[in-house]
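Presented below is the structure to which this report refers.
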Amino acid sequence: MIAKTDYRPDIDGLRALAVLSVIAYHYGADWLPGGFTGVDIFFVISGYLITRIVKSEMETGRFSFFDFYRRRILRILPAVLVVMLATTAASWFILFPTDYAIAAKNAIYATFGLGNLFSYLHTGYFDQQAELQPLLHLWSLGVEEQFYLIWPFGLMALLGISSSRTRFAVLAILVGIGLGVAAFQVSKQPSAAFYLPVSRAWELALGALVCIAPSIGTVFLSRAAQLVGSLLIVAGWSFVQSDDPFPGLNALFPCLGAALLIWPKKSTRVADWLSLKPLVAIGLVSFSLYLWHWPVLVLFRHINNTTHPHGVTAALLLLLTAALAGLSWRYIETPFRKAQFSFGVRSKVAIVACLVTASLSMWAIIVHQKGIAFRLPEDALLIADKSAMWAWDGCRLTQIQNVPDFCSFGALWSSDAPKVFIWGDSHAEHYAPLLETALNQQEKPVSVGLFPPGCPPIYTASIRRDDAFLQNACPPLTKPMIDFLKRSDDIQVVVFAAFWSNIPNRSYLSSTGEPLPFATIWEEMAKVIQDIGSGKSYYILTDVPSHTDDPAACVASSASGLWRFPCEIENVNSEEFKTREALTSLLASPVGKYALLAGESLCSSFECVQEIEGSFLYRDVNHLRRDLPTDVRYSLVKIMHLNDIFDSGAWSVP
């Protein structure tokens, strides 16, 4: 352990700034767009401190792998376990069954130090929004714990190098390689780069590098280093955006900044500021603050039907967080860290082991019972289960060369029946059951193929999403798909459907990484249609009306009996229709003659249809349910004129 005389209050002050920046960011502070980089400051601090402790013990012959891992477990797990148990207890009264099961599964992963792996595996397009998972923040502890698992071995090998300069050079090279790996991975697999340790290890290793670096020789250089470090951290908070590639080169702002603040051992004005008692006090409870702030915020957002807190409400939540953090630090963190229990270390380990076993059993039951669904009445369950609302088994997986994830319905794709090909994203998928219903009204056999890779029918477009496949697969798929359609004479109708109104929100990007304007979308779609050829008919299905907040959650909340504030579903007016500008451009373009205003048909001059025959239509803010009753589907087909795709006119060349 580090002697008390080696204690550096400025590091606790830096911890305070890191946790405060994270909390401010999560509470929606527009003036701190890069506040999330506080987590990276924590990584550098952790790398420095753990290396300092282990290096000291190894050099004096006091290091024990068993003691090291025991201390890490008692330092981290008790406080984390209490937060997870408290979150589980509160969630019983707040979360829908699907969300409750997700939280329990997250807790299981986090107990074994795998919270980051859970986040990586459960932040896809149709998973629960990451910002509404109450234990999501435990991903950062997973990264640290995985680093702690291997770092003593790496440090032991490093200390085996007799030359301190060589030792420093080797670790500096490893940090550089790690940064390069992170920069490469964030461009290819952004979600993996964010959550997995391969692209984060260099940040902790940078803290270790500071620990073994030679001391800065003069006060002037110490002041200069800390001034530059401060400016880098502030620049990261001010200029790094949540949608920027991260980590990677952008992570240099917080990481290099933190390293330059920690490196000087001499007292400077910056170090004195960081050592102010209020900052040091916050830094001492920073771990508990980090643990509690996120579930408190997220569970309130569930109570408030996903709406973010503001003003007095936000202030009260922050006070609650501070109170919980203080209690956690005083009665959980400190006793387990400082051997203040009279019955000794073995008893503490036994207590933790029993709590872990009981907790894992409880979480396993919650997952197995699908979030303890009996807590809700049946009518609320029908609209609260996102997976059930997306269920549809009408599509047969069909093997076609160079066409991944292809499925078909209606007549067999291998038959001689005329064919319809649907190309798009999840909005193509939510239209599929309705097109199946329309197809059932036809007298002639027709085969319909569905290809929903999430890619728009545009040559140069890529997609900006967390899903690694969607991020990188579009340009390589587009040309082969066009070639496939050109040579498939039996495909007589091509239907395009996508979330068109999300184009200006930067879901679709050009090959240079810039947002695609509406005009470019329609111009490039015209090129695609021209290249496929004039021997087919084309339809472009427009967006259904979108909501700002999840209307299905609002309906379910009202019927659930859970701790939820009353909410009202917004009345989506056709004048507020997000694709209005897009539709205007589309209908004025050469492509316009192919447009089918399916989504627009749901709106009158005053309001848009959201319920038919007692069935609420929406799964979330912009997707229709796929589990709607058959009679409701027939009504939607009629309202949206989807039969037009299959009528006799659709089989002639436009």
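The values are calculated or read from the model by the stated rules, or taken from the named source; none is laboratory data. Quick caveat, the model's predicted, so the values are computed rather than measured. Positions of Cβ are generated from backbone atoms using ideal geometry, with glycine treated the same way; all protein chains shown enter the neighbour counts. Accessible surface is based on the protein model in full, side chains and every heavy atom, while ligands, DNA and RNA are left aside. Shrake-Rupley method; radii C 1.70, N 1.55, O 1.52, S 1.80 Å.
Side notes on the structure shown:
- Within the stretch 613-641, being open to solvent by less than 60 Å² (accessible area, probe 1.4 Å) and farther than 19 Å from Thr542 by Cβ holds for Ser615, Phe616, Asp627, Leu628, Pro629, Val632.
- Output for the stretch 249-268, where each listed residue is open to solvent by less than 10 Å² (accessible area, probe 1.4 Å) and not in a helix (DSSP H, G or I): Pro264, Thr268
- Meets criteria (in contact with a Phe, Trp or Tyr (Cβ under 6 Å, 6 or more places away or on another chain) and either assigned to a helix (DSSP H, G or I) or open to solvent by 10 Å² or more (accessible area, probe 1.4 Å) (or both)) for Ser238: no
- Within the stretch 32-51, the set of residues being open to solvent by less than 10 Å² (accessible area, probe 1.4 Å) and not β-branched (Val, Ile, Thr) comprises Gly34, Gly35, Gly38, Asp40, Phe43, Gly47, Tyr48.
- Residues of the stretch 621-650 classified as more than 17 Å from Ala552 (Cβ to Cβ) and not in a helix (DSSP H, G or I), total: 3
- Every pair of residues 6+ apart whose Cβ atoms lie under 7 Å, when the first sits in the stretch 115-141 and is modelled with pLDDT under 90 while the second is of a type in the set (Phe, Trp, Tyr): Phe126/Trp390
- Residue under evaluation Leu155, criteria (1) in a helix (DSSP H, G or I); (2) crowded, with 18+ Cβ neighbours inside 10 Å; (3) under 32 Å from the mean Cα position of the chain (by Cα); (4) of a type outside the set (Ser, Thr, Tyr), criterion not met: (3)
- Residue match in the stretch 122-144 (condition: part of a helix (DSSP H, G or I), open to solvent by 40 Å² or more (accessible area, probe 1.4 Å) and over 30 Å from Val82 (Cα atoms)): no
- The stretch 269-315, subset assigned to a helix (DSSP H, G or I) and hydroxyl-bearing (Ser, Thr, Tyr), residue most open to solvent (accessible area, probe 1.4 Å): Thr313
- When the criteria are applied in full, Gly454 fails the requirement of being open to solvent by less than 40 Å² (accessible area, probe 1.4 Å), at pLDDT 70 or above and not hydroxyl-bearing (Ser, Thr, Tyr).
- When the criteria are applied in full, Val19 meets the requirement of being surrounded by 22 or more Cβ atoms within 10 Å (Cβ to Cβ) and of a type in the set (A, V, I, L, M, F, W, C).
- Only residues that are within 26 Å of the chain's Cα centre (by Cα) and part of a loop (DSSP other than H, G, I, E, B) were counted in the stretch 534-569, giving 14.
- Residue within the stretch 52-68 that is farther than 28 Å from Ser199 by Cβ, among the hydrophobic types (A, V, I, L, M, F, W, C) and either touching a residue at least 24 places away in the same chain (Cβ under 8 Å) or in a helix (DSSP H, G or I) (or both) present: yes
- Against the criterion of being among the β-branched types (Val, Ile, Thr), at pLDDT below 85 and more than 34 Å from the chain's Cα centre (by Cα), Val345 qualifies.
- Test: residue in the stretch 595-605 that is over 26 Å from Gln129 (Cβ atoms), surrounded by fewer than 17 Cβ atoms within 10 Å (Cβ to Cβ) and modelled with pLDDT under 90: yes
- Residues that are of a type in the set (S, T, N, Q), within 19 Å of the chain's Cα centre (by Cα) and surrounded by fewer than 24 Cβ atoms within 10 Å (Cβ to Cβ), drawn from the stretch 77-121: Thr98
- Residue within the stretch 197-214 that is free of Cβ contacts under 8 Å to residues at least 12 places away in the same chain and within 29 Å of Trp151 (Cα to Cα) present: no
- Boolean, Ala323 is at pLDDT 95 or above, open to solvent by less than 50 Å² (accessible area, probe 1.4 Å), more than 30 Å from Leu221 (Cβ to Cβ) and part of a helix (DSSP H, G or I): no
- First in the stretch 390-403 and outside any strand (DSSP E or B), second anywhere and at pLDDT below 90 and exposed (fewer than 15 other Cβ atoms within 10 Å of the Cβ), Cβ under 7 Å, 6 or more apart: Trp390/Phe126; Asn402/Pro480
- For the condition buried (at least 21 other Cβ atoms within 10 Å of the Cβ), in contact (Cβ under 8 Å) with a residue 40 or more places away in the chain and assigned to a helix (DSSP H, G or I), Val175 does not qualify.
- Matching residues in the stretch 367-395 - criterion: being open to solvent by less than 70 Å² (accessible area, probe 1.4 Å), hydrophobic (A, V, I, L, M, F, W, C), modelled with pLDDT of 90 or more and closer than 19 Å to Gly561 by Cα: Ile372, Ala373, Leu376
- In the stretch 1-39, residue modelled with the highest pLDDT [restricted to those that are of a type in the set (D, E, K, R) and over 30 Å from the mean Cα position of the chain (by Cα)]: Asp10
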